[in-house]
Structure formats: C-alpha cells, structure tokens
Amino acid sequence: MKKEDSKRADIGARIRMAREMAGLSQGQVGKLMGLHRPSVTEMEAGNRRVSAEELEQLAGHFDVSTSWLLGEDEGSSPDAAKLQLAARELQKLKSEDLDRLMKLLATIRQEK
C-alpha cells in the first residue's frame with residue numbers, strides 16, 4: 001500500500017469513528033453535506049479523496065478538529081481521541097445511567 005493510500009485509509013477510519021460517535025448514519029452525513037451516501041462510504045473506506053472544505057464540514061458536524069481527522073492531533077495516547085468522543089456521549093446520559101456506568105467501570109477495574 002502506498003503512503004498516500006495508507007493516509008487516506010487512516011483519515012477514512014477517523015471519519016467513520018467520529019460519525020458513529022456523533023450518532024449519524026452515512027445517509028444523514030451525505031444529506032448534511034449535499035453528497036450521496038456512497039460518497040460518504042467511499043470517504044470512510046479511503047477510496048475517495050476528501051477536500052479541505054469537506055474536512056471542515058465533517059469536523060463541524062462531528063464536533064472534532066480537522067487536525068484530528070487528519071491524524072495530526074493524536075493527544076497523549078492512541079486512545080485519546082476515542083476518550084474525547086466517548087466523553088461527549090457521556091454528557092448525554094441521564095444521572096442514573098451515569099451512576100450505573102461508573103459502577104460497571106469500577107467492576108471492570110477490579111477484575112484486572
């Protein structure tokens with residue numbers, strides 16, 4: 001795989017991860033951006049180049065930075081981006097669901 005193809009695949013994987021964490025379907029993203037769903041599929045697969053304007057739109061819709069989508073803002077660990085996206089989802093939980101999740105996390109840590 002050429003370096004350019006690898007980079008495009010990495011960007012596509014980040015687009016997909018951010019889309020899923022934003023709770024949007026490929027069709028919804030397509031409508032928001034004025035694209036057909038297969039165009040979004042091709043972006044996520046790394047088969048289609050993404051323009052700078054499209055990257056900006058995607059970042060705005062997913063509430064992430066363009067530098068993160070490009071793989072330039074890695075954070076302190078490889079999982080930092082996943083943690084940021086997960087934190088956004090946690091903010092949407094009801095208080096009682098958050099309490100249940102915290103108990104589950106405590107149980108998981110104790111099992112190690």
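The values are calculated or read from the model by the stated rules, or taken from the named source; none is laboratory data. Model, not experiment: these values are computed from the prediction. All Cβ positions, even for glycine, are placed from backbone atoms using ideal geometry, and neighbour counts span all protein chains on display.
Screening region 1-16 for residues that are of a type in the set (A, V, I, L, M, F, W, C) and surrounded by 18 or more Cβ atoms within 10 Å (Cβ to Cβ) and picking the one that is nearest to Glu89 (Cα to Cα) gives Ile15. Quick one: which of Ser25, Ser51, Ser65 is over 26 Å from Ala87 (Cα atoms) and surrounded by fewer than 17 Cβ atoms within 10 Å (Cβ to Cβ)? Unique residue meeting the criteria: Ser51.
Go through region 28-48 and give me each residue that's loosely packed, with under 14 Cβ neighbours inside 10 Å and of a type in the set (Gly, Ala, Ser). Across region 28-48, the qualifying residue is only Gly34. Of the helices (runs of 4 or more DSSP H) lying entirely inside region 36-112, those carrying at least 2 residues that are more than 18 Å from Gln26 (Cβ to Cβ) and at pLDDT below 95 are 66-69, 80-90, 95-111. Among residues of region 28-53 that are of a type in the set (Phe, Trp, Tyr), none has a Cβ under 6 angstrom from a residue that is modelled with pLDDT under 95 at a sequence gap of 6+ or on a separate chain.
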